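Quick note: the coordinates plus some simple rules give every number you see, no bench work behind them. Just so it is clear, the structure is predicted and the values come from calculations on it, not from any experiment. A quick note on method: Cβ atoms are made from the backbone with ideal geometry, for glycine too, and the neighbour counts reach across all protein chains shown.
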Amino acid sequence: MSYTYLPLTQSQAEEIAYEWTYEGDFAFYDMPNDQDDLAEFLDPDQRTEHYYAVMDETKLIGFFVFEPGQNSLELALGMRPDLTGQGNGPAFLKSGLAFAIQKYQPRYIELAVATFNERAIRLYAKSGFEPVERFQQETNGGSYEFVKMRLHTGIMK
């Protein structure tokens, strides 16, 4: 697949929010489960220019959110549910990281992932991310354990 990154449109945000549903434990990531995240995702003023649709030709296959900090970049991402668990993750993540590094030039990239999502944690670790902290976060009507992971990009600022 060859990926193109475009600013996330309102219709794409609505498609992701209302039509993307995940199976089993991964339903945790369905957008309506966290009303605060859903409101931010759907509000163009809150969404900002850091939200990108990932396209494969004309098909929406995922999204990335890049929140720049000083020498750092916070990353969030999602892949269309029917594409998960099929070996698409490494290329999708590699492409997103390359885009982020080229665009933002961060010294390091961080992300947070629910600790139950061992599949994602393995992917991030194989991609060079290292765990730096565990924390509890209130979301989806409960308190869940997350792990923050960090990737050093090798860029010196």
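Which of the three applies to the chain, rounded, prolate or oblate, going by the alpha-carbon gyration tensor with a ≥ b ≥ c and a/c under 1.5 meaning rounded?
Rounded, since a/c falls under 1.5.
From the backbone phi of region 50-66, what are the Karplus-calculated ³J(HN,Hα) couplings (6.51 cos²θ - 1.76 cosθ + 1.60, θ = phi - 60°) in whole Hz, Gly and Pro given as x?
So the Karplus estimates, Gly and Pro as x, are 8, 9, 10, 7, 9, 10, 10, 6, 9, 9, 6, 10, x, 8, 10, 10, 10 Hz.
For a test of the definition: using alpha carbon positions, the gyration tensor, and the 1.5 limit on a/c, classify region 1-55 as rounded, prolate or oblate.
Cα axes put region 1-55 in the oblate bin.
In the P(r) worked out for region 57-129, what percent of Cα pairs fall beyond 14 Å?
62
How much net charge surrounds ILE101 when only other residues with a Cβ under 11 Å from its Cβ are counted (Lys, Arg +1; Asp, Glu -1)?
My count for the surroundings of ILE101 gives +3.
When only Cα pairs under 8 Å and 6 or more residues apart are kept, what is the percent relative contact order across the chain?
Answer for the chain is 19 percent.
Under 19 Å between alpha carbons, and skipping anything fewer than 8 positions from LYS59 in its own chain: which aspartates and glutamates qualify?
Leaving aside aspartates and glutamates fewer than 8 places away in the same chain, those within reach of LYS59 are GLU14, GLU15, GLU19, ASP82.
Once you list every other residue whose beta carbon is under 11 Å from the beta carbon of GLU138, what net charge do they have if Lys and Arg are +1 and Asp and Glu are -1?
Here the charged neighbours net out to -2.
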